[in-house]
Amino acid sequence: MNRDQLVKTASAMVAKGKGLLAADESSGTIKKRFDAIGVESNETSRRDYREMLFGAQAAMKNNISGVILYDETIRQNAKAGTPLVKLITDAGSIPGIKVDKGTKPLPFCPGELITEGLDGLGERLDEYAKLGARFAKWRAVIDIGTGIPTHTAVNTNSHALARYAAICQEHDIVPIVEPEVLMDGGHDIDTCFNVTQWVLKTVFQDLYYQRVLLEGMVLKPNMVISGKKAANRASAQQVAEKTIRVLKDCVPPAVAGIAFLSGGQSDAEATEHLSLMNQMGPLPWPVTFSYGRALQHEPQKVWSGKAENVAAAQRAFAHRAHMNGLAAQGQWKSEAEKAA
Ligand code: 13P
């Protein structure tokens, strides 16, 4: 393990005013996103779309510290023949790769999932490193419902996350550790708080048992938030306060940084929550974004599969990236949105 390299990469991923672009949608997920804008999902359209994002050089240079890629994308070339990975590195941003193999039903735990992909992980990491990846991502999914999560789901997912993180570091790849407590359902914010606390306590215990270097990893958590279908949804200020409270309680200050997922929040909500949290500083770690939907929703709509929309879509992406860059420094204000 090259400790200095891991620490250097992890801190670059959470550099001031920058965050991560999660562009690692599986072929199934990107098809759903393309269906919504009336675009057929095939290798070429997926390439064109991601080339639009990574080719937005100003946005990438100013606000995107790294990009999480999918297996297909890390191997693809732009229309002119340049590897997509090179578009990312030319902008001074770091390529990363999703390495989990998705979720399967967890045996004897109806309604719960386990993330798979540990077998052969070391060999895959070596190949991805040759293709340019310097960090990786593994997402565990924890659902809230009647009688769930179970201890079985929390413990098995946490164990797999820690095993993944240790294998990544052994191969000089920075792990993004993503235990996502879903915001689907009608639960209130305190239920989300309690489940998130349970999950994070378990994950950090397992990371300790697996000897993971905290300075060489990035945590990608959910925010503490009401379920989407909750009758009374908590305010933005409550989301920020409860999220920071649970993180201070569970996440050692040695962790290189925290980069949130957006998890189904609207673009504006995800930005506002991040900014409010950073206004509560100084915090023990850099706190930034690793958004998928909350960064891509608008540029995706503007692009709509048409070459003539690329420049406008890149402007929409640059705007969202800039808003989140401000939020990562606690400097976002709603007026900034209007000025765009
Ligand atoms: P969202 O921001 O759309 O939740 O995606 C982030 C991600 O990488 C989920 O694994």
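The values are calculated or read from the model by the stated rules, or taken from the named source; none is laboratory data. Everything quoted here is computed from the prediction, not taken from an experiment. Every residue, glycine as well, gets a Cβ built from its backbone with ideal geometry; the counts of neighbours run over all protein chains shown.
So Asn278 passes all but one of these: (1) under 24 Å from Leu161 (Cβ atoms); (2) touching a strand residue (DSSP E or B) at 6+ places or on another chain (Cβ under 7 Å); (3) assigned to a helix (DSSP H, G or I). Which condition number does it fail?
(1)
Kindly check whether there is at least one residue in the range 141-155 that is among the charged types (D, E, K, R), surrounded by fewer than 22 Cβ atoms within 10 Å (Cβ to Cβ) and closer than 19 Å to Leu219 by Cα.
Taking the range 141-155 as the starting set, the residues that turn out to be among the charged types (D, E, K, R) are 143.
Of the ones still in play, those that are also surrounded by fewer than 22 Cβ atoms within 10 Å (Cβ to Cβ) are 143.
Now narrow it down to the ones that are closer than 19 Å to Leu219 by Cα: 143.
Taking every residue of the range 141-155 in turn, at least one turns out to be among the charged types (D, E, K, R), surrounded by fewer than 22 Cβ atoms within 10 Å (Cβ to Cβ) and closer than 19 Å to Leu219 by Cα.
Against the condition within 16 Å of the ligand (Cβ to nearest atom), free of Cβ contacts under 8 Å to residues at least 60 places away in the same chain, of a type outside the set (Val, Ile, Thr) and surrounded by 23 or more Cβ atoms within 10 Å (Cβ to Cβ), how does Asn222 come out, does it pass? Working first, answer last.
Details: within 16 Å of the ligand (Cβ to nearest atom): yes; free of Cβ contacts under 8 Å to residues at least 60 places away in the same chain: yes; of a type outside the set (Val, Ile, Thr): yes; surrounded by 23 or more Cβ atoms within 10 Å (Cβ to Cβ): yes.
So Asn222 passes the test.
Being more than 16 Å from the ligand (Cβ to nearest atom) and in contact with a Ser or Thr (Cβ under 7 Å, 6 or more places away or on another chain) is the filter here; which residues of the range 167-191 pass it?
Listed by number, the residues that qualify are Asp188, Ile189.
Being crowded, with 20+ Cβ neighbours inside 10 Å and more than 16 Å from the ligand (Cβ to nearest atom) is the filter here; which residues of the range 19-53 pass it?
The initial filter retains those residues of the range 19-53 that are crowded, with 20+ Cβ neighbours inside 10 Å, namely 19-25, 30, 34, 39, 46, 49-53.
Selection gives Val39, Arg46, Glu51, Met52.
For (1) within 20 Å of the chain's Cα centre (by Cα); (2) under 23 Å from Asp190 (Cβ atoms); (3) within 16 Å of the ligand (Cβ to nearest atom); (4) touching a residue at least 12 places away in the same chain (Cβ under 8 Å), each residue gets a yes or a no:
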site	(1), (2), (3), (4)
Phe108	no, no, no, yes
Leu125	yes, no, no, yes
Pro149	no, yes, no, yes
Asn157	yes, yes, yes, yes
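Name the residues in the range 240-270 that are within 16 Å of the ligand (Cβ to nearest atom), part of a loop (DSSP other than H, G, I, E, B) and among the hydrophobic types (A, V, I, L, M, F, W, C), would you? Spell out the reasoning first.
First pass over the range 240-270, keeping only residues within 16 Å of the ligand (Cβ to nearest atom): 243, 257-270.
Now drop any that are not part of a loop (DSSP other than H, G, I, E, B), which leaves 261-266.
Residue satisfying the conditions is Leu261 alone.
Regarding His273, is this residue within 13 Å of the ligand (Cβ to nearest atom), at pLDDT 95 or above and in contact with an Asp or Glu (Cβ under 6 Å, 6 or more places away or on another chain)? Don't jump to the end; show me each part of the working.
Numbers: within 13 Å of the ligand (Cβ to nearest atom): yes; at pLDDT 95 or above: yes; in contact with an Asp or Glu (Cβ under 6 Å, 6 or more places away or on another chain): no.
Spelling it out, it is not the case that His273 is within 13 Å of the ligand (Cβ to nearest atom), at pLDDT 95 or above and in contact with an Asp or Glu (Cβ under 6 Å, 6 or more places away or on another chain).
So the check is Cβ under 6 Å with 6+ separation or different chains; which pairs have a first residue in the range 56-78 that's within 18 Å of Glu178 (Cβ to Cβ) and a second one that's more than 15 Å from the ligand (Cβ to nearest atom) and of a type in the set (Val, Ile, Thr)?
Listed by first residue and then by second, the contacts come to Gly66/Ile94; Val67/Ile88.
Every residue, every condition in (1) in contact with a strand residue (DSSP E or B) (Cβ under 9 Å, 6 or more places away or on another chain); (2) under 25 Å from Gln76 (Cα atoms), yes or no:
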| residue | (1), (2) |
| --- | --- |
| Val99 | yes, yes |
| Cys109 | yes, no |
| Ile114 | yes, no |
| Gly122 | no, yes |
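Kindly evaluate Ala318 against the criterion of being within 15 Å of the ligand (Cβ to nearest atom) and either in contact (Cβ under 8 Å) with a residue 24 or more places away in the chain or part of a helix (DSSP H, G or I) (or both).
In short, no.
Take Asp100 and tell me if it is outside any strand (DSSP E or B) and under 15 Å from the mean Cα position of the chain (by Cα). Explain how you work it out, then say what you get.
Working: outside any strand (DSSP E or B): yes; under 15 Å from the mean Cα position of the chain (by Cα): yes.
Criteria met by Asp100.
Quick one: count up the residues across the range 130-167 that are within 23 Å of Leu84 (Cβ to Cβ), of a type outside the set (Lys, Arg) and touching an Asp or Glu at 6+ places or on another chain (Cβ under 7 Å). Give the derivation first.
At the first step, the residues of the range 130-167 found to be within 23 Å of Leu84 (Cβ to Cβ) are 130-139.
Imposing the further condition that a residue be of a type outside the set (Lys, Arg) reduces the set to 131-133, 135-136, 138.
In the following step, the residues that additionally are touching an Asp or Glu at 6+ places or on another chain (Cβ under 7 Å) were identified as 138.
Going through the range 130-167 one residue at a time, the tally reaches 1.
Every residue in the range 278-311 that is within 13 Å of the ligand (Cβ to nearest atom) and small (Gly, Ala, Ser), please.
Ser290, Gly292, Ala294 - these are the residues of the range 278-311 that are within 13 Å of the ligand (Cβ to nearest atom) and small (Gly, Ala, Ser).
Cβ-Cβ below 8 Å, separation at least six or inter-chain, first residue in the range 279-304 and surrounded by fewer than 23 Cβ atoms within 10 Å (Cβ to Cβ), second of a type in the set (Phe, Trp, Tyr): which pairs?
Short answer, once both residue conditions are applied: Glu298/Phe317.
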